Amino acid sequence: MEKDLSLTKALRREFPALAYHTYFNYGGQGPLPRVAREAILAAFGRLDELGPFSNAVNPWVADQTRLTRQVMAQELGVDWQTITLTENVTAGCNTVLWGLPWQAGDHLLMSDSEHPGVIATVLELQRRYGISISRFPASQEDGWQTLGHYLQPNTRLVVLSHVLWNTGQVIPLPALPPLGKTLILVDGAQSVGDLPLQLTELNADFYAFTGHKWWCGPAGVGGLYVHPQALEQLQPTFIGWRSVTMDGAGEPTGWQPDGRRFEVATSSIPLYAGLRAAITLHQGVGGSRYRQIRHLSQYLWEGLQSLPNYRCLLSRPPESGLICFRYHPNPSPQIHQHLVEFLEREKILIRQLASPSCVRACVHYFTLPEEIDLLLDRLRAFPPV
């Protein structure tokens, strides 16, 4: 155990931000490791050497994008041609939501725990196309089991998160009821880098994810997995030179045959190098990192059970790195705001959530047990004024 802790402390030196804070906000944004920062700077240097816009730089840019898709695909257990490079989860979800051929009277079913960015897009679809919307109560523990009761003959799409961002509950995607011809879009914001994943085993048609949370990559790089059988059901909405094939005269001749058809145009290529470096750093730890996340989250959950003024939203130990809890007996937004501010003055960073009213702490595999002990100690000392 001491050897493992020694290795963890050595790894933590790769994350400069951890020297300044006791950090529990991996579900919002992960700290950038030193190796990723260096890879970004080296890539910018390479751009200078080749010429930021030149014939020489084009093969290098193509290699960077291909390698980034391949590294993502390796982590997710899929073929790299199924990966679209995006900016973040919301961009991936928008690609799917706007890319389906909606008709008035179609039905969209989503959980009651989706992110506001997804909810706002769905409401705009309803306004423009006259679709109907229902929500199933995933926020209730094991509420995912009710999903089948909300399906309708005209349900075109189900939208849900793999890990609920506001409770930490993991939805067991393989256990969902058969959906027939209904497609499923999964928000993977809190699962990629938090759970071991083989997307081909999850029955997902579309899986949107990002690199800046649990992968600890730079903000601005994410991805979208599109199942090969769902590819032709999705049409590009934003279109650019990366989306299309072209003839010798530069005229568009059709869509790219794979996930590239949903990409648009110029991106910050050095960020791709930074994300690959961050993922490679995690891969060096191996599959044990997921077991360690779960071990540490259970450690925090158990510690919270011993604090009379707090209640966890989940009645059993979490299966992800997100632990959501409330101040008891007054779980008001004002109390939770004061709690977050109190902890931040102590250089302990957690997050307040509005619905349900709670606070969220996230542990990663390199979180230290003594950091959790410190959080529990400060929670015990919080004056609820």
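Here residue 141 meets each of (1) at pLDDT below 95; (2) surrounded by 15 or more Cβ atoms within 10 Å (Cβ to Cβ); (3) not hydrophobic (A, V, I, L, M, F, W, C) with one exception, condition (2). Of all residues in segment 285-300, those that are under 19 Å from residue 10 (Cα atoms) have Cβ atoms under 9 Å from Cβ atoms of residues that are in a helix (DSSP H, G or I) and not polar (S, T, N, Q), 6 or more apart or on another chain, in 285/7; 285/11; 288/4; 289/282; 292/4; 296/369; 296/372. Flag: residue 316 does not match the condition of being basic (Lys, Arg) and not assigned by TED's automatic domain parsing to the domain that holds residue 27.
Total residues in segment 350-370 satisfying the condition of being surrounded by fewer than 19 Cβ atoms within 10 Å (Cβ to Cβ) and over 27 Å from residue 111 (Cα atoms): the figure is 3.
The criterion of at least 2 residues that are within 20 Å of residue 191 (Cα to Cα) and without any contact (Cβ under 8 Å) to a residue 60 or more places away in the chain is met by the following helices (runs of 4 or more DSSP H) wholly inside segment 55-150: 57-76, 116-129. Total residues in segment 365-385 satisfying the condition of being outside any loop (DSSP other than H, G, I, E, B) and touching a residue at least 12 places away in the same chain (Cβ under 8 Å): the figure is 10.
The values are calculated or read from the model by the stated rules, or taken from the named source; none is laboratory data. As the structure is a computational prediction, the values presented were derived from the model and not from experiment. With ideal geometry, Cβ positions are generated from the backbone for all residues, glycine too; neighbour counts draw on all protein chains shown.
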